[in-house]
Amino acid sequence: MQPKHIIFFDGSCGLCHRSVQFILSRDKKELFHFSPLDSQYSSKALVNVDSSADTFYLKSDEIIYQKAEAWIKTLFLLGGTWKLIAIALKQIPTATLDIVYDFIAKYRKQIFGTKTNCDLLSKDQKNRFLF
């Protein structure tokens with residue numbers, strides 16, 4: 001069975017790593033699966049997308065979201081307070097949010113460092129990663 005919601009992320013980025021940990025710890029319904037952008041799975045799944053390691057992608061119901069829009073959709077799907085935050089963010093023009101996103105993406109490795117290894121994950125969490 002194909003996962004319904006897949007997050008594609010830069011596996012060597014400290015901020016991206018923290019983002020995945022953030023989502024994993026709040027995704028009580030286990031909605032999301034994850035795939036590093038440099039994996040075989042990602043290269044096949046994002047074949048019609050001009051993918052960049054500077055971009056966070058969410059494939060949800062066969063639609064590919066990127067940058068701020070991907071984050072807003074992710075927060076919305078997490079539900080609860082995160083859904084309310086997503087609704088509030090949706091009131092800001094996507095172009096404006098993407099300018100902020102691009103600025104953070106440009107400096108993310110300088111600010112948050114790089115990650116060369118994965119944290120220990122539970123067996124259930126490991127099963128949610130696609131390589």
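Numbers for the structure displayed
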read-out	value
Qualifying residue in region 82-95 (condition: among the small types (Gly, Ala, Ser) and within 12 Å of the chain's Cα centre (by Cα))	no
Any hit, region 4-24, residues being touching an Asp or Glu at 6+ places or on another chain (Cβ under 9 Å), among the polar types (S, T, N, Q), farther than 16 Å from residue 131 by Cα and surrounded by fewer than 16 Cβ atoms within 10 Å (Cβ to Cβ)	yes
Hits in region 88-131 - residues which are over 20 Å from residue 39 (Cα atoms) and β-branched (Val, Ile, Thr)	92, 94, 96, 99, 100, 104, 111
Subset of region 8-20 (residues that are under 11 Å from the mean Cα position of the chain (by Cα) and farther than 18 Å from residue 81 by Cβ)	8, 9, 10, 11, 15, 16, 17, 18, 20
Elements of type helices (runs of 4 or more DSSP H) in region 31-117, at least 1 residues being out of contact with any helix residue (DSSP H, G or I) (no Cβ under 9 Å at 6 or more places or on another chain) and exposed (fewer than 13 other Cβ atoms within 10 Å of the Cβ)	40-45, 80-89, 94-112
Unmet criterion (only one of (1) touching a residue at least 40 places away in the same chain (Cβ under 8 Å); (2) farther than 19 Å from residue 105 by Cα; (3) among the basic types (Lys, Arg)) for residue 18	(2)
Evaluation of residue 99 against (1) of a type in the set (A, V, I, L, M, F, W, C); (2) within 23 Å of residue 25 (Cβ to Cβ); (3) at pLDDT 95 or above (one fails), failing number	(2)
Subset tally (residues that are over 15 Å from residue 15 (Cβ atoms) and of a type in the set (Val, Ile, Thr)) for region 41-57	2
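Yes/no per residue for (1) on the phi > 0 side of the Ramachandran plot; (2) free of Cβ contacts under 8 Å to residues at least 12 places away in the same chain; (3) touching a strand residue (DSSP E or B) at 6+ places or on another chain (Cβ under 8 Å):
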position	(1), (2), (3)
23	no, no, yes
38	no, no, no
51	no, no, yes
63	no, yes, no
102	no, no, no
110	no, yes, no
119	no, no, no
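The values are calculated or read from the model by the stated rules, or taken from the named source; none is laboratory data. In this text the structure is predicted, and so the values were computed from the model without any measurement. Virtual Cβ from ideal backbone geometry, glycine too; neighbours counted across all protein chains shown.
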